[in-house]
Amino acid sequence: MSLTLTSESNLPCQINIQKGNLTVPQFSFLALLLTLGAVAADQIVAPGLYSSSPLWAVAACMALVWRRGGVAFEGKEKAGSFGFSLVRAGLFAGAHILLVSAARSLHGILQPVAGTFSLGGWITAALKLSVLLPTLLLLPLARWRILARDYAAEGIAALVVLFTFFPGRIITSVWPWYGQILGRFVFLFSGLFVHGITYTSALTPTVHGPDLDVTILLACSGISGIELFDYLFTFVALLDWNRLRKGRTLIAYFAGMAVMFLGNALRIASFVIFGNQGFADAVARFHLSAGWVFFSIVFLVYLSLTYRKLLVSAR
């Protein structure tokens, strides 16, 4: 890699990345690396900005750009110079400094309401995500359009990671409503196989049976199954990224999450059914440890049914 500082009086000092010295994928990886470092530094200096989502989103985008490798670009785009001018680098650094300053000054006000469904909670969430915005200052809009077009799939994947990869926060927030839906489904489905069960609506709903009562806690919401699905699906996507149909893969991701939620509901219903059919002791003993095995089986079955349809070579 050759880095040359221009010193002409009519041009700003910049790092020129000449054709043949640094490819566009390499440049994209470098921009993401700078973003990752800046976001990590922001969170260290201002703990109120801490959120693992931006870090994982940038890291995922970096991994996919690296995995994709060389890309066929149009000649005029490839010949263009992708570089960071000192002015833009200064704006990038300055924007991060402003964000850190704002987070530190507002820490005492926003910290108590962080994670709540209030104006302060939404401001805190927006502030944590805003650490990604200074990256837009590194390049002119025309250059970002080129990168956005050629790396659209990687960008969408990063957004998916940013907003859905840590479902625990979302499920915890909607649990008062989701818990009731889950409880009602378990009660109605179990009622097809077990007679005499009743339902108690509460923050942690309970299905009462003749031999076993099943209380649905937040830990039973399917968080562990969704997290396992995220990790395994991401691993598969990273390995086969260059062979995947990106649109189908995105659909398969959200469909897979729905399957895991449904599978979790059926898992809890099975506790009610078997627990009230003479297997109460076995259900009480193994319902926690069997969760990971169950979710792993559901993922493998789902992957076996969809995998070939996701590949470019599939017919």
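Any read-out appearing in this document is the output of simple, stated calculations on the displayed coordinates, not a laboratory observation. Predicted model, so just to flag it, every value in this text is computed and none were measured. Using ideal geometry, Cβ is built from the backbone for each residue, glycine included, and neighbour counts are taken over all protein chains shown.
Averaging Cα coordinates gives a centre for segment 273-303 and one for segment 236-264; these two points are 24 Å apart. Size descriptor for segment 157-238, Kirkwood hydrodynamic radius: 14.3 Å (Cα pairs only, one decimal). May I ask which residue of 217, 229, 198 lies farthest towards the positive end of the charge dipole of segment 167-266, with charges of +1 (Lys, Arg) and -1 (Asp, Glu) on Cβ and the Cα centre as origin? Of the options given, the answer is 229. Between residue 44 and residue 293, the distance separating the two model label sites (each 7 Å from Cα on the Cα→Cβ line) works out to 4.4 nm. Relative to the 2.2 N^0.38 Å rule of thumb, segment 168-310 has a C-alpha radius of gyration ratio of 1.15.
Remark on segment 221-297: hydrodynamic radius 13.9 angstrom, per the Kirkwood mean of 1/r across alpha carbon pairs.
Gain on full extension, evaluated as 0.36 nm per residue between residue 159 and residue 93 minus their Cα-Cα distance, stands at 21.4 nm. Between residue 123 and residue 262, the modelled labels are 4.3 nm apart [label points 7 Å from Cα along Cα→Cβ].
Each Lys and Arg adds +1 at its Cβ and each Asp and Glu adds -1 at its Cβ; summed about the Cα centre, segment 168-310 shows a dipole of about 720 debye. Calculated FRET efficiency, residue 169 to residue 193, Cβ-Cβ distance, R0 = 45 Å: about 0.85 to the nearest 0.05.
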